[in-house]
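Trainee: Dropping a structure here in structure tokens format, bear with me for questions.
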Amino acid sequence: MRAETFEFLRCPYCGGRLELVESLFHRRDGDEIVDGIIACHCCIFPVVDGIPVMHLLPAATSAREHVEAKRPDLARRVMFGLDDPAQSDIFDRVAASPDATYKETVEAFGPNFEGGYFLYRFGDPTFVVADAVVHAVAGTVLADGGRAIDICGGSGHLTRSLVAVSREAPVLADLYYAKIWLARRFTAPECVPVCCDGNAPLPFARGAFRFAMCTDAFMYIWTKRQFAGEMERLIDPDEGGKPGAAVIGHTHNARTWSPSHGQPLPPEAYAALFETTAPRVFAEAGLFADLLGGHGLDLLREDGRDALDRDPALTIVASRHPGVFARHAPPKPHGRARGVFRLNPLYRAAAEGAGGDAVTLRLHFPDADYEQEYGACRRYLPDEVTVARPLLDQLPSSTLPDGLAGLAARRVVLDLPARYY
Ligand SMILES: [Zn+2]
């Protein structure tokens, strides 16, 4: 936990600032707190492996006791939810290996860890839309500085998108400690990780951020009114400060059915949650069509009631920034990877051409549930594609090989974090 985090971290219950309790067990690495106890006016919270745990759920209380007893290793196990000692040993071995990949580490959490689809996240249609919204909206409001927060950001796939448009490290907040830990290690190592409960007041100062986002999670939040109010509080600027933006991306629609439904609201009820900023509600199908058309994102559009009512997924954007509700150019393709260019993990080599000079790649879904939920990826991912073997052999690569730009544009080739799979 970096010292700068104290500038905007606040107790979710008393609102007070936090400081390290020097008299209790703690470990530092330079000016970062690795393990320790931080205190406000009302509570004490543990910092476990660099991540402050800002809630009082049972695991957090056990973890705090382990840190106080000078056993940060046991605190981390509790936060990971690794109850089975055999699985804990497997995990500790994998986590200790500097070569372990994201995929191997997710698997080491055991079969109960909800990790199955994360591997495909960078290529799925929900991500494609949300990533474009981040580039358009966060890219606009953060153009001259300010910090972003990804609330309920899971293992940091979209936090990585925020890193690309931020000068200051974005905050990744989530209830699931294991996911944040994975993000900091693999997906978005630049992020400031904070473990907190989205159903409680958020542990940050008023106006600490210029962009606040919650994507693909809001329908699982019970205290929706409080959450939207908290987003508005987090981006509330000081007198004369720059206007920010709040985005609820990919939230389900109560008027339609969708897999993993949650407790969604109808479109107008989402809009009504925001009391200080005028939001616009977009049907995700329209945003997706914009991107397939290659023209960027049109946030000037006003989706009518029919379009909103029939779309299973909605995006809500609240902002007073004059540049947000505009037509946004598509993100420019990059020849140099932020991580490494690799084949989308949904593709498998199906057949070799004569002489072995060409390879046919075939789209392969992990299971029928994935296909049902994310099958819209067929709109940009071809069922089958043939690639020259020497081109394919250049992957993984930090620069995009000439000749693969077309496949990168179709997301058959992706810019993935290092050591992803
Ligand atoms: Zn407090």
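The values are calculated or read from the model by the stated rules, or taken from the named source; none is laboratory data. Owing to the predicted nature of the structure, the values given are computational and were not obtained by experimental measurement. With ideal geometry, Cβ positions are generated from the backbone for all residues, glycine too; neighbour counts draw on all protein chains shown. For accessibility, only protein heavy atoms count, side chains too; no ligands or nucleic acids. Shrake-Rupley method; radii C 1.70, N 1.55, O 1.52, S 1.80 Å.
Trainee: Starting from 0 in steps of 10 Å, tell me what percent of the Cα-Cα pairs of region 46-87 lands in each bin.
Mentor: 34, 58, 8
Trainee: Here's something else I'd like to know. With a 1.4 Å probe and every protein chain left in place, work out the accessible area per residue of the chain in Å², rounded to a whole number.
Mentor: Spelled out: the 1.4 Å probe surface of the chain, per residue, equals 43 Å².
Trainee: What full-extension length gain, to one decimal in nm, is calculated for Cys14 and Arg2 as 0.36 nm per residue of separation minus the Cα-Cα distance?
Mentor: Roughly 2.1 nm would be gained on extension.
Trainee: Here is a further query. What aspartates and glutamates does Lys242 reach when the alpha-carbon gap must be under 14 Å and sequence neighbours fewer than 8 apart in one chain are set aside?
Mentor: Asp144, Glu232
Trainee: Taking the DSSP beta bridges in the chain as the whole, what percent of them are antiparallel, to the nearest 5? If you can, show how the numbers build up before the last one.
Mentor: Numbers: 42 of 59 bridges.
Once the DSSP bridges in the chain are tallied, antiparallel ones form about 70 percent.
Trainee: How big is the chain by Rg and Dmax over its Cα atoms, in Å?
Mentor: For the chain, the Cα-based Rg and Dmax read 21.8, 73 Å.
Trainee: Also: Between Ile51 and residues 5 or more places away or on another chain, which pairs have amide H atoms under 5 Å apart, with H built 1.01 Å from N, and which residues are they?
Mentor: Under 5 Å from the amide H of Ile51: no residue qualifies.
Trainee: Could you compute the longest span of the chain free of GluC sites (Glu not before Pro) located in DSSP loops and having at most 11 other Cβ atoms within 10 Å, not counting the site residues?
Mentor: So the longest stretch without any such site is 23-238.
Trainee: Ok, one more. Radius of gyration and Dmax for region 49-206's Cα atoms, expressed in Å?
Mentor: Here Rg and the maximum Cα pair distance are 16.2, 50 Å.
Trainee: Right, next: In terms of Cα to Cα distance under 29 Å, which lysines are near enough to Lys179, apart from those fewer than 8 places away along the same chain?
Mentor: Lys70, Lys103, Lys224
Trainee: Quick check: at a probe of 1.4 Å, how many percent of the accessible area of the chain sits on carbon and sulfur atoms?
Mentor: 50 percent
Trainee: Can you tell me which of 48-54, 292-298, 35-41 comes out highest on packing, and rank the rest after it, using the mean Cβ neighbours within 10 Å?
Mentor: 48-54, 35-41, 292-298
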